Amino acid sequence: MPDTGQRHVDPPRSGRANAEGVRPRRSSHVGGKNILTNIVYRVKFNMLNNPRIFGGEKMTVPRFGRVELRIMHVLWEKGQATAREITEAMNRSARTAHSTVQTLLRKLEEKGAVDHEIDGRTFIFRPLVKPEQVRQKVTRECIDRLFAGSPGGLVAYLLQHERISREELEQFRQMIDESAKARRR
């Protein structure tokens, strides 16, 4: 292709051939620019389309499996931790293979629940979602799925089927009274 002096950088694309059977270019010069320009374009393209980076639309709270949630609890407690530290903390209560923790950390990153920084050769993970966000989502799902959307149904079930101490019952009474007062205002 002759150089017309126009700037052109192709958007990111896969290595597969398109409908016409043409494979993407793989030279050190793409569209008349060097590979560094193409990499910078790709980084900018990905950043602009990532709402976590530029504070765009609100990030949804992902669903967690049982072991993923245990990993999140360790990160919430510690604030940040390496995969080895997470494995050690989890193994205090139930044995979990280090390779499983590493795999699940990658999946949690893909879900947008954790992020990492690199310190030398060590990845240090930190949570991106707060425990309250997860509690709210899981509680809402539980109420909707098991109690037909009725929070009272959940409370009635807990009162009938769970052991609740006198202190906890008194706290519930106080919260109910405060809620009732706030609604009257």
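The values are calculated or read from the model by the stated rules, or taken from the named source; none is laboratory data. The model shown is predicted, which means the values in this text are computed figures rather than measured ones. All Cβ positions, glycine included, derive from the backbone under ideal geometry; neighbour counts span all protein chains shown.
Structural remarks
- The single condition among (1) surrounded by 14 or more Cβ atoms within 10 Å (Cβ to Cβ); (2) free of Cβ contacts under 8 Å to residues at least 60 places away in the same chain; (3) of a type outside the set (Ser, Thr, Tyr) that residue 149 does not meet is (1).
- Taking the listed residues 143, 176, the one that is assigned to a helix (DSSP H, G or I), hydrophobic (A, V, I, L, M, F, W, C) and touching a Pro at 6+ places or on another chain (Cβ under 7 Å) is 143, with no other qualifying.
- Residue in the stretch 99-115 that is hydrophobic (A, V, I, L, M, F, W, C), at pLDDT 95 or above and more than 14 Å from the chain's Cα centre (by Cα) present: yes
- Top-ranked residue in the stretch 117-140 [being in a strand (DSSP E or B) and of a type in the set (A, V, I, L, M, F, W, C); ranked as nearest to residue 63 (Cα to Cα)]: 125
- Qualifying residue in the stretch 77-86 (condition: under 18 Å from the mean Cα position of the chain (by Cα) and among the hydroxyl-bearing types (Ser, Thr, Tyr)): yes
- Per-region count, the stretch 125-140, residues farther than 15 Å from residue 75 by Cα and of a type in the set (Phe, Trp, Tyr): 0
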